[in-house]
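What follows is a short report on a single structure.
The values are calculated or read from the model by the stated rules, or taken from the named source; none is laboratory data. For clarity, every value in this text was computed on a predicted model and none was experimentally measured. When we count neighbours, we look across all protein chains shown, and the Cβ atoms used for this are built from the backbone with ideal geometry, even at glycine. Remember, those area values only see protein heavy atoms, side chains included, never the ligands or the DNA or RNA. Shrake-Rupley method; radii C 1.70, N 1.55, O 1.52, S 1.80 Å.
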Amino acid sequence: MDRYFELETARLEAGPLSGIQTAEDWEAARERLRQQLRFMLGLDGFTSRPDLQATVAKTFPSQGFRVENIVFQSLPGLYVTGNLYVPDNAPEPSPAILYVCGHAPVKQDGVSLGNKTAYHHHGAWFARNGYVCLTIDTLQLGEIEGIHHGSYREGRWWWNARGYTPAGVEAWNGIRALDYLEARPEVDPNRIGMTGRSGGGAYTWWVAALDERVRVAVPVAGITSLRNHVVDGCVEGHCDCMYPLNLYGWDFSAVAALAAPRPLLISNTDKDRIFPLDGVIRIYEETRRIYRLLDAEQNIGLNITEGPHKDTHELRVSAFSWFDRFLKDEADSAPVADPALPVLDPVALRVLESIPGDQRNTSIDESFVSAAPSPAPPSNRGAFQQHRRASLRNLRTMCFRGWRDAVDAPLAVDLGAPLHARGLQIQILSFDTAQGLRLPVYLIRRSEDNWDAIRRIEAEVLLEDDWERFARNFSSPPESIEKDPESAQPTPGSPEAGTLWAFFAPRGVGPTAWSGDERVRTHIRRRFMLLGQTLDSMRLWDLRRGTRALLELEGLSDCRLELRGDGVAAGLALYTALFETEIDSLRLTRLPHSHRQGPIFPNVLRYLDLPGAVSFVAHRIPISLQVDDPSPWSVCLDTGAVLGWPADRLVVTGMDEEP
């Protein structure tokens, strides 16, 4: 897998910037890239901006400025708490800074005061130097505590299937914070800058890329290369708020370039382990090339100071100077006072006396990205076919773009020598599923059956738990093997005469299994997401390739092929039959009723859920479906009634019934 991730990363590193050679190329590509980023953040459906319902909970004076504790709703029920720092005696309108916060929880007596309080010295410092500054809380570490760590530690892999990332929420909250600043009479809307460190650096990138009202940006320790994240393992130090769902296969320089030609200072320390220096410099160089094309190289800067991943004095002073240069036209300014000096009691910065009863912060992952409507029987055959075509098109273009290998790429099929035991022949078929990654298919038949005698293939998808059963059933101590294994009679439960058993072991199963450590397994799965894939989407690719490899064997192309699976493996078998028409029937056990339980494919719940996929496949081939609860599948049976399926096309039974 190290080799696989290396090769996949190398393929994406050129990214969407590689074809841009002139300023005209960039102008033609910029809005298309912004649309792609909106989709990858889950913001493509945000076509209107509801009223902010903004209120000021409290105002109090401080040393040279006043603080307003504010709250607004970026969406109905999605609350954003913050502090607005307004300088005393400043001319109106004044330049403004939107400051977005990194991961710094602040609690007192079990009550969250928001991470805005940990970074309040930034707001105070900007205000004492003539800027209006709005500092806002993040979703997870705000006064209403939502979740950033969905795939990192909460097991919410369905976020990938829904097309949801908390990075999208943070980007949207930042965009709505700009709306709030624009509406304030103290603010000059043509002189708004944005900055933040770590997580706040990442959010600065998203908002600056999408919204040109950010006239000057200083993201601090918020970006590095795709190689650092995937190959070097920096993904293990970041939660989900740091990443779009990388459907379009971007390196992060494409995000950075969308700030061009506006003034941009990329700022980092030289010993930051989660934003390594080599990746930061690479992002800078690739972004600077776009600035050069736009004759704006004077607007991009790289600031590297000594230190670890920390909010240092040197980083703050450099940011201040950059804003003074481009928002105030003061190239040689010096900041007032120590920018690291906390001046306020964090309790005074708390906005909410109690959590609003209508808040959606803690459940925004359920609604931020729209899901496909619940399936319903079609009105007629034409409507069904139209829906099926549209769904397949969306699956190919918006869910499975990670299948970047050509379907007809060489499989390099190899059939190993047969092993004989207990009247059976066992052979291993191996094939290339991707560059540098070969997988096995285990073939079992009666010893007396040559290939010409095979008329039927019963194939099963093995996942981790299935592999344990398979290995247990087909391994024996030496003394249990007959002296003449080729002439022995097959044991009960062996293949019938003329039948070939095939067992698919996709990546991560059996001989290609990776670590049993749950943390390692988690971050391997997260690496797939950074490549625009998921583990399940690439296992589906493996099954497609394995099916083709199997049917390449001489004499098997005309055999009837039934594919089987249990649980998530049943979902993978289902989708294999959706794309590979050589499969003649399915036998599925305990198929989940929704992709929320798996299999997890990128964005699939935006377009389709498993009952819809069952209907699409059952329209072509017979399916036996044995499940704990048959009720979610009634819509499939109703669809069959409308379309006139034969009675045995889709058979749904409970687990206590004979399938």
Kindly list, by first and then second residue, each pair from a residue in region 27-42 that is closer than 13 Å to A257 by Cβ and among the basic types (K, R) to a residue that is assigned to a helix (DSSP H, G or I) and open to solvent by less than 70 Å² (accessible area, probe 1.4 Å), limited to pairs with Cβ atoms under 8 Å and residues at least 6 apart or on different chains.
R34/A209; R34/L210
Among the residues of region 303-319, is any at negative phi, touching a Phe, Trp or Tyr at 6+ places or on another chain (Cβ under 7 Å), among the charged types (D, E, K, R) and touching a residue at least 40 places away in the same chain (Cβ under 8 Å)?
no
Can you name the residue in region 235-273 that is assigned to a loop (DSSP other than H, G, I, E, B), within 19 Å of the chain's Cα centre (by Cα) and of a type in the set (A, V, I, L, M) and is also surrounded by the most Cβ atoms within 10 Å (Cβ to Cβ) among such residues?
L245
The listed residue being under 21 Å from L265 (Cα atoms) and in a strand (DSSP E or B), out of G201, G193, G222:
G193
Just wondering, is there one or more residues in region 597-607 that are of a type in the set (G, A, S), in contact with a Pro (Cβ under 7 Å, 6 or more places away or on another chain) and open to solvent by less than 10 Å² (accessible area, probe 1.4 Å)?
yes
Determine whether region 206-216 contains at least one residue that is within 17 Å of the chain's Cα centre (by Cα), closer than 25 Å to R11 by Cα and either buried (at least 24 other Cβ atoms within 10 Å of the Cβ) or modelled with pLDDT of 95 or more (or both).
yes
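Here is a yes/no grid of residues against (1) open to solvent by 10 Å² or more (accessible area, probe 1.4 Å); (2) on the phi > 0 side of the Ramachandran plot; (3) hydrophobic (A, V, I, L, M, F, W, C):
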| position | (1), (2), (3) |
| --- | --- |
| K107 | yes, no, no |
| H121 | yes, no, no |
| T135 | no, no, no |
| W158 | yes, no, yes |
| A171 | no, no, yes |
| A177 | no, no, yes |
Would you check which residues across region 15-44 are in a loop (DSSP other than H, G, I, E, B), open to solvent by 60 Å² or more (accessible area, probe 1.4 Å) and of a type in the set (G, A, S) and list them?
S18
Among the residues that make up region 643-657, is at least one of them under 22 Å from R162 (Cα atoms) and either open to solvent by 60 Å² or more (accessible area, probe 1.4 Å) or not in a strand (DSSP E or B) (or both)?
no
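The rows are residues; the columns are (1) within 30 Å of L643 (Cα to Cα); (2) surrounded by 18 or more Cβ atoms within 10 Å (Cβ to Cβ); (3) not aliphatic (A, V, I, L, M).
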site: L293; (1), (2), (3): no, yes, no
site: L302; (1), (2), (3): no, no, no
site: A331; (1), (2), (3): no, no, no
site: A348; (1), (2), (3): no, no, no
site: T362; (1), (2), (3): no, no, yes
site: S370; (1), (2), (3): yes, no, yes
site: Q386; (1), (2), (3): yes, no, yes
Write out, first by first residue and then by second, each pair whose Cβ atoms fall under 9 Å of each other, whose residues are 6+ apart or on separate chains, and whose first residue, in region 568-589, is open to solvent by 10 Å² or more (accessible area, probe 1.4 Å) while the second is of a type in the set (S, T, Y).
E582/T547; E582/S557; S585/S624; R587/S624; T589/S624
Taking region 356-396 and the residues there that are part of a loop (DSSP other than H, G, I, E, B) and out of contact with any helix residue (DSSP H, G or I) (no Cβ under 9 Å at 6 or more places or on another chain), the one that is farthest from V617 (Cα to Cα) would be P356
Count of residues meeting criterion [within 14 Å of M538 (Cα to Cα) and either open to solvent by less than 30 Å² (accessible area, probe 1.4 Å) or not small (G, A, S) (or both)] in region 388-407:
10
Unmet criterion (only one of (1) closer than 27 Å to N190 by Cβ; (2) in a strand (DSSP E or B)) for E170:
(2)
Of a type in the set (A, V, I, L, M) and within 30 Å of I364 (Cα to Cα): which single residue out of A29, A54, A10 fits that description?
A54
Is there a residue in region 47-58 that is within 30 Å of H120 (Cβ to Cβ), outside any loop (DSSP other than H, G, I, E, B) and open to solvent by less than 10 Å² (accessible area, probe 1.4 Å)?
no
Verdict on L637 being open to solvent by 10 Å² or more (accessible area, probe 1.4 Å), closer than 22 Å to P506 by Cβ and without any contact (Cβ under 8 Å) to a residue 60 or more places away in the chain
no
Suppose we filter region 165-184 for residues that are among the polar types (S, T, N, Q) and within 15 Å of the chain's Cα centre (by Cα); how many remain?
1
Of the listed residues (V614, V635), the one being more than 22 Å from A569 (Cβ to Cβ) and under 31 Å from the mean Cα position of the chain (by Cα) is V635
Residue that is under 27 Å from the mean Cα position of the chain (by Cα), part of a loop (DSSP other than H, G, I, E, B) and at pLDDT 95 or above, where the choices are D278, D232, D295:
D232
Can you tell me which residue in region 137-156 is farthest from I97 (Cα to Cα), limited to those that are open to solvent by 10 Å² or more (accessible area, probe 1.4 Å) and in contact with a Gly (Cβ under 6 Å, 6 or more places away or on another chain)?
R156
Residue list for region 76-102, filter: surrounded by fewer than 19 Cβ atoms within 10 Å (Cβ to Cβ) and either without any contact (Cβ under 8 Å) to a residue 60 or more places away in the chain or out of contact with any strand residue (DSSP E or B) (no Cβ under 8 Å at 6 or more places or on another chain) (or both):
P76, G77, D88, N89, P91, E92
Do you know which residues across region 503-527 are touching a helix residue (DSSP H, G or I) at 6+ places or on another chain (Cβ under 6 Å), in a helix (DSSP H, G or I) and of a type in the set (D, E, K, R)?
R525, R526, R527
R548 vs. criteria open to solvent by 10 Å² or more (accessible area, probe 1.4 Å) and over 22 Å from the mean Cα position of the chain (by Cα):
yes
